[in-house]
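**Q** Take a look at this one; I'll ask things after.
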Amino acid sequence: MTNYNHPDKHSRYAHLWRLSVTVLVLLGIWHLIVVIFEMPPFILPPPLLVFEKLLANYSLLFDHALITLSEIVLGLILGICMGLLFALQMLLFKPVRRWLLPVLIASQAIPVFALAPILMLWFGYGMTSKVVMAALIIFFPITTTCFDGLRHTPSGYLDLAQTMGANRWRQLWSIRLPAALPTLASGIRVAVVVAPIGAVVGEWVGSAGGLGYLMLQSNARMQIADMFAALLLLAVFSIALYYLTDFLLKRFIPWHREQASR
Amino acid sequence: MSSLEIRQSSLHYQDASSPVFSGLNLHLPANSWTCILGASGCGKTSLLRLLAGLIDPQHQIEGEISCSDGLPLSSRIAYMAQQDLLLPWLSVLDNVCLKAKLSTGKITATQQERARLLLSQLNLSGIENDFPNQLSGGMRQRVALARTLMQETPFVLMDEPFSALDAVNRYKLQELAAEVLKNRTVLFITHDPQEALRLANQLYWFDNNKKLVPIQLPSSNTPRAIDAELGACQQSLLQQMHSQYD
């Protein structure tokens, strides 16, 4: 009997240990580059200076990080809901699929970043335009993975459901949707990685808050160490968000390994 | 209990050049096991899917399928496939009660009680709340058997349900299935002559001409022990089948 659901604690600690060693080595290389090539702090500040700024401007950075984080999370929620809805529509109504699928694919040819100024115009400089931006760039991966998962239900499951007299809705709700979740989960993992890009680009184009805004402000004032501090914080938040999502998905969709072998 | 009659049945897939089978006649007597033996790809699974109502109506289907009690066949069959088809996101108990969940949307306490009873009959007590990926292959197929029993249908269609198991588990499950399904009208499909000879009350060989050839069975009761008589039957059956290979 194999139990897939509980990776043993030893491997998890080993993982953390390797991660911290990697981070320390990278910081060391960064410091060495600054020392060896005599980088001026307005081109590449040493890591210690960045940490100094991080601690000094802690509350300011944290407030702005919170803004960016809420934009990312709200964008994720909006994008995932829209993607799910879209995929379900395409699955349930064949004519809709025939008309929408080409539109969906063509929409990917438009660089979403080019839409940022228009979104500013429509939704203003507040959080809404960034949320919409983040939602827009994750919409495609979510829709396609969800639609793929819903379409490729193992046929044996559907045969079984049919001989048991399940109607269309019960088949969708009890068989197709849960069977699609592992595929959807990989879409969500991609979405969590790209959503911060949307939010930050939105902030660059026009905003009054957030880490992207802070970076532009520091850059304009030649406070490069502050810019790096904001960047570092953004990276930490994005990585934390990814691991949190990954953990939750593995926790609540533990059957992904099994289905992959079918 | 009702018997099942298949008359002049033929099946032609839309994009195939020739029919899978045509003019097929088969009688499934009530409360007994009818086995069909055949090489892979001979069309025996298609016949089973036809009975289960799983063939898309866009394909060309002819002939008549009727039950002796005059009631329709659909919704009175249970289907057991080679894969256990346990849903990995449901607990063992919910998998066993799947039909109730899919047809009415909820599982009652009485149904759960009955499912527990069935599981204990199949020596599966204590795993009700486990998930399928925590079980071994033999246990999983026994849970699938419990799910089939839970459907309480007069007809049971089985498509090589034990062929993915190791020899000992297969032997055990054959005994168990013959025991718990002895009062159902069963159509059992297999490519294993020994399995067919152990379990069949009527045995047909689906030969290369797509005809059902009746096969003589040993005199003992099912599930038969693998004794000298069964061995002799198996030997002559293998020779008969061998003559049609290549």
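**Q** Please list A:SER129, A:SER107 from largest to smallest accessible area, probe radius 1.4 Å, with all protein chains kept in place.
**A** A:SER107, A:SER129
**Q** Show the residues, 5+ positions off or on another chain, whose built amide H is closer than 5 Å to the amide H of B:TRP205.
**A** For B:TRP205, whose amide H was placed from the backbone, the distant partners under 5 Å are B:LEU37, B:VAL213, B:ILE215.
**Q** Among bridges DSSP assigns within region B:86-214, what percent are antiparallel (round to 5)?
**A** Values: 3 of 8 bridges.
Bridges in region B:86-214 that DSSP calls antiparallel: roughly 40 percent.
**Q** May I ask for the angle, rounded to the nearest 10°, between helix A:211-220 and the longest principal axis of chain A, with both axes built from Cα atoms and the value confined to 0 to 90°?
**A** 30 degrees
**Q** Using the crude model of +1 on Lys and Arg Cβ and -1 on Asp and Glu Cβ, and no other charge, please compute the dipole size for the protein assembly as shown relative to its Cα centre, in debye to 20.
**A** Computed about the Cα centre, the dipole is about 620 debye.
**Q** Take every Cα-Cα distance within region A:1-111, group them into 10 Å bins from 0 onward, and report for each bin the whole-number percent of pairs it holds.
**A** Result, from short to long distances: 10, 17, 20, 23, 21, 8, 1 percent.
**Q** Given a 1.4 Å probe and the protein chains all in place, what does the accessible area of B:ASP15 round to, in Å² to the nearest 10?
**A** 140 Å²
**Q** Which lysines does B:LYS210 reach when only Cα atoms under 30 Å apart count, and residues fewer than 8 places away in its own chain are ignored?
**A** Output for B:LYS210: B:LYS44, B:LYS182.
**Q** Determine, from the Cβ-Cβ distance of A:LEU244 and A:LEU55 and an R0 of 25 Å, the FRET efficiency 1/(1 + (r/R0)^6), rounded to the nearest 0.05.
**A** On the way: r = 24 Å, r/R0 = 0.97.
My answer for the efficiency is 0.55.
**Q** Considering only protein heavy atoms, what is the solvent-accessible area of B:SER2 at a probe of 1.4 Å, reported in Å² to the nearest 10?
**A** Surface open to solvent at B:SER2 totals about 0 Å².
**Q** Compare B:GLU113, B:GLU160 by solvent-accessible area with a 1.4 Å probe and give them largest first, with all protein chains kept in place.
**A** Values: B:GLU113 110, B:GLU160 20 Å².
Listed by decreasing accessible area, they come as B:GLU113, B:GLU160.
**Q** Please report, largest first and rounded to whole Å, the three semi-axes of the ellipsoid equivalent to region B:163-246, where each semi-axis is the square root of five times an eigenvalue of the C-alpha gyration tensor. Walk me through the intermediate numbers first.
**A** Details: eigenvalues 91, 42, 36 Å².
In descending order the semi-axes read 21, 14, 13 Å.
**Q** Taking all protein chains in place and a 1.4 Å probe, what share, in percent, of the accessible surface of the protein assembly as shown do carbon and sulfur account for?
**A** Working: 15820 of 25580 Å².
Carbon-and-sulfur percentage of accessible area, whole number: 62.
**Q** Let me ask you something else. Taking only protein heavy atoms and a 1.4 Å probe, what accessible area per residue, in Å², does region B:1-124 have with all protein chains in place? Present the calculation step by step, with values, prior to reporting the outcome.
**A** Numbers: 5420 Å² over 124 residues.
Result: 44 Å² of accessible area for each residue.
**Q** Another question, if that's okay. If one takes the longest principal axis of the Cα atoms in chain B, at what angle in degrees, from 0 to 90 and to the nearest 10, does the Cα axis of helix B:167-180 lie?
**A** Once rounded, one gets 80 degrees.
**Q** Report, ordered by chain and residue number, the aspartates and glutamates lying within cross-link reach of B:LYS106, taken as a straight Cα distance under 18 Å and ignoring same-chain residues fewer than 8 apart.
**A** Answer for B:LYS106, where 18 Å is the Cα cut-off: B:ASP94, B:GLU128, B:GLU152, listed by chain and number.
**Q** While we're here: So which residue, out of B:THR190, B:THR153, B:THR104, gets the largest mean-square fluctuation from a GNM of chain B using Cα contacts under 10 Å as springs?
**A** It is B:THR104.
**Q** What is the mean number of Cβ atoms from other protein chains located within 10 Å of the Cβ atom of each residue in peptide B:133-144, rounded to a whole number?
**A** Numbers: counts 10, 5, 2, 2, 0, 0, 1, 0, 0, 0, 0, 1.
Mean shielding count: 2.
**Q** Taking only the C-alpha atoms, wrap a convex hull around chain A and report its volume per residue in Å³ as a whole number. Could you put the intermediate results ahead of the total?
**A** Working: hull volume 43.4 nm³, N = 262.
In chain A, the Cα convex hull volume per residue is 166 Å³.
**Q** Roughly speaking, what % of Cα-Cα pairs in the protein assembly as shown are separated by over 35 Å, rounded to a whole number?
**A** Values: 67253 of 128778 pairs.
Value for the protein assembly as shown: 52 percent of Cα pairs lie more than 35 Å apart.
**Q** Relative to the longest principal axis of the C-alpha atoms of chain B, give the angle of the C-alpha long axis of helix B:228-242, reported between 0 and 90° and rounded to the nearest 10°.
**A** Its long axis makes an angle of about 60 degrees.
**Q** Further question on the same structure: Would you tell me the accessible area of B:GLU175, worked out with a 1.4 angstrom probe on the heavy atoms of the protein chains, in Å² to the nearest 10?
**A** Surface open to solvent at B:GLU175 totals about 70 Å².
The values are calculated or read from the model by the stated rules, or taken from the named source; none is laboratory data. All values reported here derive from a predicted model rather than from experimental measurement. Methodologically, a virtual Cβ is constructed for each residue, glycine included, from the backbone with ideal geometry; neighbour enumeration extends over all protein chains shown. Quick note on the areas: whole protein, heavy atoms, side chains included, nothing else; ligands and nucleic acids left out. Shrake-Rupley method; radii C 1.70, N 1.55, O 1.52, S 1.80 Å.
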